Amino acid sequence: MRKAIERLGLAALVALGVTAGARAQQPGPIVPPENPKIKTVPLHPETAPTRIPPALIVAQFTANEAKYKAAYAKFDFQQTIRVEELGTAGGPTGTYEVKVLSHLKPNGERYDRLLSHSPSSLEYVHLSAQDLEVLAEMPLFPLAGKQAGKYNFIYQGTEKLDQLSTFIFRVKPKRIIPGEQLFSGVIWVDDHDMAIVKSYGKFVNGEPPSAGALPFIVFETARENTQGKFWFPAFIRSDDVVAVGQNQLPIRLVIRSSDFRLSQAKSNAVSF
């Protein structure tokens, strides 16, 4: 049982909490507020040519993504996962929240330790361990390094994003690879650090959704600048609906990651 929990990590911890409940750093400039206003793709982005060829921008941010992915694996951090059922006024009518510490053990394996969880007041959303394992294994750096060769990047213009000036790219897989999670959506790239600071899209693998599959499909992700040199995913949100009789109930998933610290388990062996 212990090995199974370590293998499932966050998914197993959250699933255990949901089942029981149903029955009974250094801030970056775009850290989302408590009630973030989610913006998607601008209808009319500025389409003026960039001072840098789009192909060079892509080469730089995909190389940076590889660095961030490698660094992210060496950090400990806290994570809060909240699932909400929303009423007609937009406020939550049912919630479940769990907090975990994701850290490296001395042998370098990642382990998620449950810090706290709230009693579940969810009435209609029933998430299985398999559902939550999908969330825990969602690719956070799908465009890193050589993975970028699987995509087409279409320059869309520029947009001011809080204090940042960003380039906008649409991202589409060149071909769907069965069984592999590939990103399809939009990214915002900081024009100074050449780093992805925000993304909006879904993951496709060419397989039809199974019965009772995860209700959350499209994800909005905001990054946080850590230690002045890494842009890590700090806020993930997804809004969807579930059928309740003849009606559709809005539901929301919010995942917040914070307190990023270089793991003591690996800090003596890692340099950036």
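What to note about this one:
- Only one entry in Lys198, Lys174 is loosely packed, with under 14 Cβ neighbours inside 10 Å and either modelled with pLDDT of 95 or more or of a type in the set (Lys, Arg) (or both), namely Lys174.
- Taking the criterion of being among the small types (Gly, Ala, Ser), over 19 Å from Val242 (Cα atoms) and part of a strand (DSSP E or B), the only residue of region 85-113 that qualifies is Ser102.
- Selection status of Phe216, at pLDDT below 95 and farther than 21 Å from Tyr68 by Cα: yes
- Screening Leu164, Leu127, Leu140, Leu114 for residues that are at pLDDT below 90, surrounded by 14 or more Cβ atoms within 10 Å (Cβ to Cβ), more than 22 Å from Glu85 (Cβ to Cβ) and of a type outside the set (D, E, K, R) leaves exactly one candidate, Leu114.
- Identity of the residue in region 220-247, out of contact with any Gly (no Cβ under 8 Å at 6 or more places or on another chain) and of a type in the set (Ser, Thr, Tyr), that ends up nearest to Leu135 (Cα to Cα): Ser238
- Count of residues meeting criterion [touching a strand residue (DSSP E or B) at 6+ places or on another chain (Cβ under 8 Å) and modelled with pLDDT under 90] in region 49-80: 1
- Enumeration of residues in region 76-98 that are surrounded by fewer than 17 Cβ atoms within 10 Å (Cβ to Cβ) and closer than 16 Å to His126 by Cβ: Thr93
- Restricted to region 233-267, and to residues there that are in contact with an Asp or Glu (Cβ under 6 Å, 6 or more places away or on another chain) and not aliphatic (A, V, I, L, M), the residue that is surrounded by the fewest Cβ atoms within 10 Å (Cβ to Cβ) is Arg261.
- Test for Ser257: is it closer than 23 Å to Ala71 by Cα and not hydrophobic (A, V, I, L, M, F, W, C): yes
- Within region 62-73, tally of residues that are crowded, with 18+ Cβ neighbours inside 10 Å and either assigned to a strand (DSSP E or B) or touching a helix residue (DSSP H, G or I) at 6+ places or on another chain (Cβ under 9 Å) (or both): 3
The values are calculated or read from the model by the stated rules, or taken from the named source; none is laboratory data. A quick note: this is a predicted structure, and the numbers were derived from the prediction, not measured. Using ideal geometry, Cβ is built from the backbone for each residue, glycine included, and neighbour counts are taken over all protein chains shown.
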